[in-house]
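For reference, the structure is listed below as structure tokens.
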Amino acid sequence: MKNLYPLAIALFVLAFTSIVVAREARLVRYPSYSNGRVAFTYLGDIWTADENGQNVQRLTVNKARDAFPRFSPDGKWIAFSSDRNGNLDVFIIPSTGGAAKQLTYHSADDTVLGWTPDGKGILFSSQRGEDFMALLYVVGVDGGMPWRAGPDMGNAASFSPDGSRIAYNPKGQVYWRKYYRGAYATDVWIEDVSAKKFTQLTDFDGLDSWPMWGRDGQIYFVSDRDGNGLTNIWRISESGGKADRITSFKTGDVRFPSISADGRAIVFEHDFGIWKLDTGNNKLTPIKLDIEAEGEENDTEMRAFNSEADD
């Protein structure tokens, strides 16, 4: 029995350690990247972490859904959408933590897409009562009335580095009819905002979604043009031409990508986690996040009932 005692202690320590050690987080969503840090949504809140998975920080703790975080160009702020008042509005919060500030107050859902290159405004998409079509808007970091970003309609979008043009999807994704042209096509267009000049950049029967304007003269986007039903990241010159595939995943889709302000990195959802693409050498790296967190809701709810109870 004496020889078994150290073994029992070791087993107890091992079991206890397995309880307190953080587990790899899954269903991590809507990533954004800035200077070695990644912002994302997990458990309905906004978090940040180093790209190696260390220094995890929870920025919001709210029963509402906080989603679509996007770093400002200088990395000091994070814009995000939250339904704290019943529908998605635009908020900003310091990237190191602090109080969130609400910027929009419309009854329609406002989905954060990114920032203007000068860092003075947040680009978002919203259906604001105009034939149920999504339109692109910008709201200043100090709030006030949003203004139209340019295109007549648009879902996902990204400004050129100088802010003079915008790459966008006029229409959203419709997966159940994605190979039907016409009203259900998802292509990438470019608008010269000041000249009001429109150029169709891609023309494909499937999905060419989430355009991201790089600093290398390329526009990156997600497409299922391989024909196998899976989405990967592709790129095409801002002046048009042949599109090139960048990632080659054989299982699972690429979803909700975003490009860093310096254009060097794209982060995206894949296989229930987030990955990083180095646009300089096309290197792919999964970002493993070990998070120990308690959920926001209690397992039980206590209620007092009088004679009104009938079920």
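The values are calculated or read from the model by the stated rules, or taken from the named source; none is laboratory data. A quick note: this is a predicted structure, and the numbers were derived from the prediction, not measured. Note: ideal-geometry Cβ built from the backbone for every residue, glycine included; neighbour counts use all protein chains shown. These area figures cover heavy atoms from the full protein model, side chains too; ligands, DNA and RNA do not enter into them. Shrake-Rupley method; radii C 1.70, N 1.55, O 1.52, S 1.80 Å.
Structure values in brief
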quantity: Set of lysines near Lys171 by C-alpha distance (under 21 Å), chain-local residues within fewer than 8 positions excluded; calculated: Lys196, Lys197
quantity: Cα gyration tensor shape for segment 201-250, rounded if a/c is under 1.5, else prolate or oblate; calculated: prolate
quantity: Spacing of the two label points (7 Å from each Cα toward its C-beta) at Phe249 and Thr96, in nm; calculated: 3.4
quantity: Using alpha carbons only: equivalent-ellipsoid semi-axes of segment 69-112, gyration tensor based, whole Å; calculated: 20, 10, 7
quantity: Sorted peptide list for 69-78, 99-108, 279-288, criterion being average Cβ within 10 angstrom, highest first; calculated: 69-78, 99-108, 279-288
quantity: R0 of 25 Å, Cβ-Cβ distance Ser107-Arg65: FRET efficiency to nearest 0.05; calculated: 0.90
quantity: Point-to-point label distance, Lys283-Asp216, nm (Cα→Cβ direction, 7 Å offset); calculated: 1.3
quantity: Protection proxy ranking of 258-266, 161-169, 55-63, 244-252 - average other beta-carbon atoms within 10 Å, highest first; calculated: 258-266, 161-169, 55-63, 244-252
quantity: Cα pair distances of segment 88-139 binned at 10 Å [whole percent]; calculated: 25, 51, 21, 3
quantity: Reach of Lys288 by Cα under 22 Å, taken over lysines that are not fewer than 8 positions away in the same chain; calculated: Lys250, Lys276
quantity: With DNA, RNA and ligands ignored, accessible area of Met133 (1.4 Å probe; Å², nearest 10); calculated: 80
quantity: Label point distance in nm, Phe272-Asn35, each placed 7 Å from Cα along Cα→Cβ; calculated: 3.5
